[in-house]
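Notes to accompany the following structure.
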Amino acid sequence: MSDKDTCEVKEEIAYQTISEFLESTPPNQLIHISDLSFRKHSQYVNYDAMRTPEIQLHCEHENCNGIRFFRCVSGKEQELKSKDYEFFYVRYRCSNCQRVEKTFSLAAKVDAENKPQGECYKFGELPTFGPPVSPKLIKLIGPDRDDFLKGRRCENQGLGVGAFIYYRRVVENQKNRILGEIIKVSEKIGATAEKIEKLKSAVTETQFSKALDMAKDAMPESLLINGHSPILLLHSALSEGVHALSDEQCLELAGSVRVVLGELSDRLSQALKNEAELTKALSTLMNKKKS
Ligand SMILES: [Zn+2]
């Protein structure tokens with residue numbers, strides 16, 4: 001590809017499909033849509049109507065708890081003009097449980113009459129945009145839930161510095177809670193006294209960075225993430241001063257902190273669950289032996 005070609009590619013308008021836009025674009029952005037409308041023909045009317053195709057979203061209902069198809073249940077076939085924006089709501093419902101709904105607040109206009117392309121702006125959505133935060137992670141960070149969710153909102157909107165600072169604050173505040181859970185697992189699986197001692201002294205260490213540094217090598221194997229200590233991963237992501245980072249770098253680091261915290265909370269609850277199952281199995285067998 002010549003330089004000229006590359007320039008031309010860059011100048012092209014970036015289009016999203018309406019499904020992509022509804023499913024995965026954070027609010028507060030004006031986006032060009034390739035398939036925004038269709039021509040509605042009927043006996044009396046002829047107009048450009050908003051498309052509201054089936055979309056895939058995370059459904060939090062206990063019977064679903066995963067990605068499900070959602071269908072539009074109200075706000076279908078909104079008439080769109082080419083001169084001015086129309087402001088309207090569309091409401092979607094999960095096709096599986098038929099209970100969970102998602103409402104979008106939108107503004108849209110077509111580029112030209114009788115053409116599918118147009119522009120759409122998402123003012124917001126209810127429930128709030130973004131994949132859900134796992135209940136295990138919420139449990140792990142306990143009292144700092146609200147700050148964590150604020151960080152998540154920043155991250156969803158691409159506000160890197162904000163997300164990084166909120167997550168860092170959560171990990172700093174909840175350092176002892178997180179280490180406490182790790183100690184619980186270590187004690188259950190019979191880790192060496194030396195490792196447990198290291199973790200306990202990290203709890204009493206008030207300097208955050210130093211505490212993570214002390215604890216990083218004392219991780220039980222079942223908590224390692226692809227062979228890496230989660231505390232070491234958090235330490236290296238959070239040790240960078242925010243003033244030395246660009247917004248993009250902050251966003252990337254914030255994302256990794258969130259993923260590591262999520263993985264750690266999964267592994268902690270799995271390790272404790274396995275231990276509980278093992279204890280139960282042993283006691284069943286021991287009782288059987290006795291009788
Ligand atoms: Zn559902």
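What the table shows:
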| item | result |
| --- | --- |
| Considering residues of the stretch 107-126 that are touching a strand residue (DSSP E or B) at 6+ places or on another chain (Cβ under 7 Å) and free of Cβ contacts under 8 Å to residues at least 40 places away in the same chain only, the residue nearest to LEU268 (Cα to Cα) | LEU126 |
| Residues (more than 16 Å from the ligand (Cβ to nearest atom) and either in contact with an Asp or Glu (Cβ under 7 Å, 6 or more places away or on another chain) or of a type in the set (S, T, N, Q) (or both)) located in the stretch 108-134 | ALA108, LYS109, VAL110, GLU113, ASN114, PRO116, GLN117, GLY118, THR128, SER134 |
| Selected residue (only one of VAL259, VAL161 is in a helix (DSSP H, G or I), surrounded by fewer than 20 Cβ atoms within 10 Å (Cβ to Cβ) and free of Cβ contacts under 8 Å to residues at least 40 places away in the same chain) | VAL259 |
| Per-region count, the stretch 91-131, residues in contact with a helix residue (DSSP H, G or I) (Cβ under 8 Å, 6 or more places away or on another chain), under 19 Å from GLU77 (Cα atoms) and hydrophobic (A, V, I, L, M, F, W, C) | 2 |
| Hey, GLU240 among the acidic types (Asp, Glu), loosely packed, with under 12 Cβ neighbours inside 10 Å and either assigned to a helix (DSSP H, G or I) or touching a helix residue (DSSP H, G or I) at 6+ places or on another chain (Cβ under 8 Å) (or both) or not | no |
| Test result for GLU119, charged (D, E, K, R) and more than 22 Å from the chain's Cα centre (by Cα) | yes |
| Residue list for the stretch 64-93, filter: among the acidic types (Asp, Glu) and either within 19 Å of PHE38 (Cβ to Cβ) or buried (at least 16 other Cβ atoms within 10 Å of the Cβ) (or both) | GLU77, GLU79, GLU86 |
| Selection from the stretch 91-102 of residues that are within 19 Å of the chain's Cα centre (by Cα) and among the hydroxyl-bearing types (Ser, Thr, Tyr) | none |
| Strands (runs of 3 or more DSSP E) lying entirely in the stretch 27-104 (those with 1 or more residues that are under 30 Å from CYS154 (Cβ atoms) and within 16 Å of the ligand (Cβ to nearest atom)) | 55-59, 66-74, 86-94 |
| Condition met for PHE129 (in contact with a Pro (Cβ under 7 Å, 6 or more places away or on another chain) and in a loop (DSSP other than H, G, I, E, B)) | yes |
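No lab work stands behind these numbers, since they all come straight from the coordinates. Remember, it's a predicted structure, so these values are computed and weren't measured experimentally. No Cβ is skipped: glycine too gets one built from the backbone with ideal geometry, and neighbour counts run over all protein chains shown.
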